[in-house]
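Peer 1: Pasting in a structure now, in structure tokens, and then I'll have a few things to ask.
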């Protein structure tokens, strides 16, 4: 009788622990928390004008002169991505990313690594024909979409 009672108690505790683990697990597909996502509102630039935007990851120099073009906001499953470029003498001289997913720690960690790499690729390639960043595919796709919009506005 004691053995059956212990077995039943062990079964009950194991089941309770399994249920607690199951309902406590959060998946990466639950998406970012909307209240915590970063939103920067910028006015779209028109060709030949300068627009100001919030600063985010940038790899160019602060003294870069030229005209800035703000790409369209690309809506991704993790949040909006928007790219702004500075153009001087027909070349992209600076890239900033005023909007990108920051809804959770994983988003911030991924984008802290991916965005500098994407901006450096842009400055090297001088086009939207750049490699995606492994592990940041969604952000990379949004980045390229917004970048192409900015390049189109700049006539590049």
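Here, each number is a calculation from the coordinates, and none is a lab measurement. Just so we're clear, the structure is a prediction, and the values are computed from it rather than from any experiment. Don't worry about glycine lacking a Cβ; one is built from the backbone with ideal geometry, like all the others, and counts go over all protein chains shown.
Peer 1: What FRET efficiency comes out for residue 137 versus residue 91 if R0 is 30 angstrom and r is the Cβ-Cβ distance? Round to the nearest 0.05.
Peer 2: Once the sixth-power term is evaluated, E becomes 0.60.
Peer 1: Let me ask something additional. If you rank 129, 94, 152 by fewest surrounding Cβ atoms within 10 Å, what's the result?
Peer 2: Working: 129 10, 94 22, 152 14.
The fewest-first ordering by Cβ neighbours comes to 129, 152, 94.
Peer 1: Right, another one. What does the highest-first list of 105-114, 6-15, 78-87 look like by mean Cβ count within 10 Å? Walk me through the intermediate numbers first.
Peer 2: Working: 105-114: 15.9, 6-15: 10.0, 78-87: 25.2.
Ranking, from highest mean packing down: 78-87, 105-114, 6-15.
Peer 1: Follow-up question, since we're still on this one. With a point put 7 Å past each Cα toward its Cβ, work out how far residue 120 is from residue 15 in nm, to one decimal.
Peer 2: Modelled inter-label distance: 5.6 nm.
Peer 1: While we're here: Would you calculate the convex hull of the Cα atoms in the range 84-124 and tell me its volume per residue in Å³? All intermediate terms of the calculation are to be shown ahead of the outcome.
Peer 2: On the way: hull volume 1.9 nm³, N = 41.
With only Cα atoms used, the range 84-124 gives 47 Å³ per residue.
Peer 1: Quick one: check the C-alpha center-to-center distance for the range 66-81 versus the range 124-152, whole angstrom.
Peer 2: 10 Å
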